[in-house]
Amino acid sequence: QKEVEQDPGPLSVPEGAIVSLNCTYSNSAFQYFMWYRQYSRKGPELLMYTYSSGNKEDGRFTAQVDKSSKYISLFIRDSQPSDSATYLCAMSANSNYQLIWGAGTKLIIKP
Amino acid sequence: ETGVTQSPTHLIKTRGQQVTLRCSSQSGHNTVSWYQQALGQGPQFIFQYYREEENGRGNFPPRFSGLQFPNYSSELNVNALELDDSALYLCASSLEPIGETQYFGPGTRLLVL
């Protein structure tokens, strides 16, 4: 079993929909949780960073961490075609960059 | 402020050969991390360099080695290439080894035949 599980998709939704992306993990020591967006032929770009449990909001993006369930989510409101990309979750027990990554979910927003 | 750059963008090698990939970190960043991303997978941490010293290593064999130079640019060297080394190699730079923001380059796509 992988330490971090993420549904690879693809997830296809119409423009304007609310998107929910999720990861589960097995290591209870993880405290730092990140969501990255990766466009085709590009490196990952950090979207959201959360320490421990709780919610964090930034514009159309909301990240949630539920440590009791070992489950994290990223919500995208008012989704746009430009949001079409692969979304990767990553996490770490320490505040360094030795991250453990999910496999990524490919998201397609249809105009 | 320039971003993270990597060279070459694409590379084809044969099994058993050696390869060197290069990364120029973002201006002012002293930490570089290297990742391997196989097709359809998330990145896997290879190692990190901080102020020219290795500062952590993932589960990769010793034939994966690296260097960081005084200007904080970095190299990833892979010896005795295997077919499974075919992947996108990403480097990321950051101001320090800890914190939430590291910036990724576009990657080098390596194909081993």
Original post:
Between B:Lys13 and B:Leu111, 0.36 nm times their residue separation minus their Cα-Cα distance comes to what?
Top reply: 34.7 nm
Original post:
Using a 1.4 angstrom probe and counting only protein chains, how large is the accessible area of A:Trp35 in Å², to 10?
Top reply: 10 Å²
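Could you compute how much accessible area chains A and B hide from each other, both sides summed, with a 1.4 Å probe? Nearest 100 Å² is fine.
Details: alone 6110 and 6210 Å², together 10650 Å².
In total, chains A and B hide about 1700 Å² from solvent.
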Original post:
Label points 7 Å out from Cα along the Cβ direction at A:Arg77 and A:Ala29: separation in nm?
Top reply: 3.7 nm
Original post:
Counting Lys +1, Arg +1, Asp -1, Glu -1, what net charge surrounds A:Ile100 among other residues with beta carbon under 14 Å of its beta carbon?
Top reply: 0
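For B:102-108, what's the mean count of beta carbons from other chains sitting within 10 Å of each residue's beta carbon?
Working: counts 7, 4, 7, 2, 4, 5, 0.
So the per-residue partner count for this stretch is 4.
For the peptides B:18-24, B:56-62, what is the packing order when you average, over each peptide's residues, the other Cβ atoms within 10 Å and list the highest mean first?
On the way: B:18-24: 18.4, B:56-62: 12.4.
Ranked by mean Cβ neighbours within 10 Å, highest first: B:18-24, B:56-62.
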Subject >> D (Stokes-Einstein, µm²/s), Kirkwood Cα radius, chain B, 1.306 mPa s at 10 °C >> reply: 114 µm²/s
Subject >> Nonlocal amide H pairs with B:Ser25, under 5 Å, H built at 1.01 Å >> reply: B:Ser73, B:Ser74
Subject >> In sequence order, calculated HN-Hα J values of the stretch B:74-90 (Karplus, 6.51, -1.76, 1.60; Hz; x Gly/Pro) >> reply: 8, 10, 10, 10, 10, 9, 6, 4, 10, 4, 5, 7, 5, 5, 8, 9, 10
Original post:
Tell me, what ³J(HN,Hα) does each residue in the stretch A:66-79 have, in order and in whole Hz, if you take phi through Karplus 6.51 cos²θ - 1.76 cosθ + 1.60 with θ = phi - 60° and put x for Gly and Pro?
Top reply: 10, 5, 5, 9, 6, 8, 10, 9, 10, 10, 10, 8, 6, 4
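Taking each residue in B:33-42, count the Cβ atoms of any other chain within 10 Å of its Cβ, then average. What number comes out? Display every interim value, and only then the final one.
On the way: counts 4, 0, 5, 0, 7, 1, 0, 5, 7, 17.
Average per residue, whole number: 5.
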Original post:
What is the dipole size for the protein assembly as shown, taken about its Cα centre, with +1 at each Lys and Arg Cβ and -1 at each Asp and Glu Cβ, in debye to the nearest 20?
Top reply: 420 debye
Original post:
What FRET efficiency would be calculated for the residue pair A:Asn22, B:Phe69, taking the C-beta separation as r and a Förster radius of 30 Å, to the nearest 0.05?
Top reply: 0.15
Original post:
Once fully extended, how much extra length lies between A:Ser69 and A:Tyr51, figured as 0.36 nm per residue of separation less the alpha-carbon to alpha-carbon distance?
Top reply: 4.9 nm
**OP:** State, to one decimal in nm², a quarter of the convex hull surface area for the C-alpha atoms of the protein assembly as shown, i.e. the direction-averaged projected area.
**Re:** 12.3 nm²
Original post:
If contacts are Cα pairs under 8 angstrom and at least 6 residues apart, what is the relative contact order of chain B in percent?
Top reply: 37 percent
**OP:** With a Förster radius of 35 Å, plug the Cβ-Cβ distance of B:Ala80 and A:Gln1 into 1/(1 + (r/R0)^6) and report the FRET value to the nearest 0.05.
**Re:** 0.70
Original post:
When you count, for each residue, the other Cβ atoms within 10 Å and take the mean per peptide, how do A:19-30, B:85-96 rank with the highest first?
Top reply: B:85-96, A:19-30
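The values are calculated or read from the model by the stated rules, or taken from the named source; none is laboratory data. Please read these numbers as outputs of a predicted model, since none were measured by experiment. Every residue, glycine among them, receives a Cβ derived from its backbone with ideal geometry; neighbour counts consider all protein chains shown. We work out accessible area using only protein heavy atoms, side chains counted, and drop any ligands, DNA or RNA first. Shrake-Rupley method; radii C 1.70, N 1.55, O 1.52, S 1.80 Å.
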